[in-house]
Amino acid sequence: MATAALQVAVESKKNNGNVKYAFTCAIFASMASIILGYDIGVMSGASLYIKKDLKITDVQLEILVGIMNLYSLIGAFAAARTSDWIGRRITVVFAAAIFFAGALLMGFAVNYAMLMAGRFVAGVGVGYAVMIAPVYTAEISPASARGFLTSFPDFFINFGILLGYVSNYAFAGLPLRLGWRVMLGIGAAPSMLLALMVFVMPESPRWLVKNGRLANARAVLEKTSATPEEAAERLADIKAAAGIPKDLDGDVVEVPEGRKSKETQVWKELILSPTPAMRRILLSALGIHFFQQASGSDCVVLYSPRVFKSAGITDDNKLLGATCAVGVTKTLFILVAAFLLDRVGRRPLLQCSAGGMMVSLVGLGTGLTVVGHHPDAKIPWAVALCIASTLAFVAFFSIGLGPITAVYPSEIFPLRVRALGFAVGVACNRLTSGVISMTFLSLSKAITIGGSFFLYSGIAAIGCVFFFAYLPETRGRTLEEMGKLFGMADTGMTEAEGTRGQEKVIQNPNGCKLDGNQETAATVSLS
C-alpha cells in the first residue's frame, strides 16, 4: 500500500514537472514577442521627440512609425522558410539577432535616413518574432493548456509595450538629442536575453517528426505531456499528420516523399489552388488578423499621447503617465484572457472583445468630437470619457482579439502548411497595421480624430459578425484534430487525396478503423 502511494506521488511529481517544463518553454519562446511590443510602446513617446529633434513633417512621422509593419512582411515570410528549414528554435535566435542590430542602428541614428534604415532591420526582426513565437508555442503545448500557453506571445507584446512606455517616461528628462536615441537603442537588451534563453529550449516535436527525427520528438513529448500515454498519443497523431505509417518506428526514419512539404506544393495547396476546407482555414486566419488591426488597435497605442492631447491633456509628463496607464491595463487584462481561453473558448471571447471594442470606440469618438467642437473650453466629462473609453478599449482588446490572433491561427493550419499559413496571416496583420498607422494622422485631418474612431468602431462591428458566423470553436482539440472542424476528410494529406477512396485502413482519434471509402464520410482528422 505504501509502495503504491509512493509510486502515485512520484508520478504526480513527474507530471507537474512536465507541465512546468512546457510552461517554461512557452515563456521563453513567447519572449520573442517583447521586441514588437517594445517598439510599438517606445515609438508612441519617442516620436514626439524625434519630430522635434529631426524637424520632420507629420507625413514623415506617419511613415516612420508605420513602415516597420511593412518591413516585417519580409521577416514573416523569411521566418516561415527558415523555421521549416533549420527548425523553430534557431529561428527565434535569428529574430533576436536581427532586432538587436536594428535597435542599435536606430539608437545611433544621426538623421532621418539612418533612422529609417534601422527601422528596416528591426522590422525584419519583428516579422521573424511575431511569426515564430506562436507557432513554436502551439506545437509544443498539450491541447488542454494550449490556449493558455499560446496566449503568452500577446502577453509579452503587451509587456513590451509597457516597457516601451516606461522607457519613454524614464528617459524623457534627457537632452532632446539623446533621449529618443536611448529609448530606441535600449531595445537591444531584451533581444540579447532572448538569444541566451533559446539554448535551454527543445525543438518543436512536430518539426522533428516532419523531418523524421522520431526519437528526438518522443523525448520532447515525454517532457511536455502530462502522462506517458498522452505523449504516445500525441506522437502517433503527429506521425499520421506527417504521413509516417503508425508501425514505422526508430530513431530516424525517412519521411515519405509524397508527404514532404515541398515549398511549391505548400504554396499550391494553401494559396494557388486550395480546397474549400483549406480556403476556409486561410480566410479564418486572415479575418482574425485583419479585424485585429483594422479596428484601430495600433492607433490607440501608437498615438495615445496625441489622442490624450486632443482630449485636453497637454502636459508632457501627464501625457506619458496616462499612456503608461494604457500599458498597465493591457498587461493586466491579457492575464485575464490567458486564464479564460481554455475555460470559455475562443469564439465567445472574440465576440465579447469585438463588441466591447466597438462600444469603447464610439465613446472615444464621442468624447473627442465634443472636445474638438469646443477647443477653447475645458469639458471634464468629455476628457474623462476619452480616458475611460481608451482604457476600456485596450481592456476588451486584451481579453479577445489581442491574444486570440496568436492562438487561433497557430492552431488551425495543418502541419505541412502551418509555418507558411501563419506567415501569410502575419503578413496580413502587419500590412493592415501599416496602412492603418500610416494613414491615421491624415485620416484624422480629413474626417476629424473623433470621426476616425467612429469608422474603426464600424469595422469592429463587422468583425463581431464575422467571428459569430464563420469561426468554429477549437477549445480542447488537438492540433491533429482541427481539420474536421473545417470539413477536411484527412488533414494528414490533401483533401483531394482523402476523397479518392483508396483501399487502405487508417486509425481515427476514437480508435475505430475505417477503410478509405468510409473516411470521407466520417471526416477523420489526423492533423
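The values are calculated or read from the model by the stated rules, or taken from the named source; none is laboratory data. Just so you know, these numbers come straight off a predicted model, no measurement behind them. FYI the Cβ positions are ideal-geometry reconstructions off the backbone, even for glycines, and counts take in every protein chain you see. The area values use the complete protein model at the heavy-atom level, side chains included, leaving out ligands, DNA and RNA. Shrake-Rupley method; radii C 1.70, N 1.55, O 1.52, S 1.80 Å.
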By the C-alpha gyration tensor axes a ≥ b ≥ c (rounded if a/c is under 1.5, else prolate when a/b exceeds b/c, else oblate), the shape of the stretch 306-440 is prolate
Between I271 and Q60, 0.36 nm times their residue separation minus their Cα-Cα distance comes to what?
72.5 nm
Filter on K20/K239; K52/K445; K20/K268; K52/K318 - keep pairs with C-alpha separation over 28 Å:
K20/K268
D53-F199 FRET efficiency (beta carbon distance; Förster radius 51 Å; 0.05 resolution)
0.85
Rounded to the nearest 10 Å², what accessible area does D298 have for a 1.4 Å probe in the complete protein model?
10
Distance between the stretch 70-143 and the stretch 166-202 - C-alpha centres, whole angstrom
16
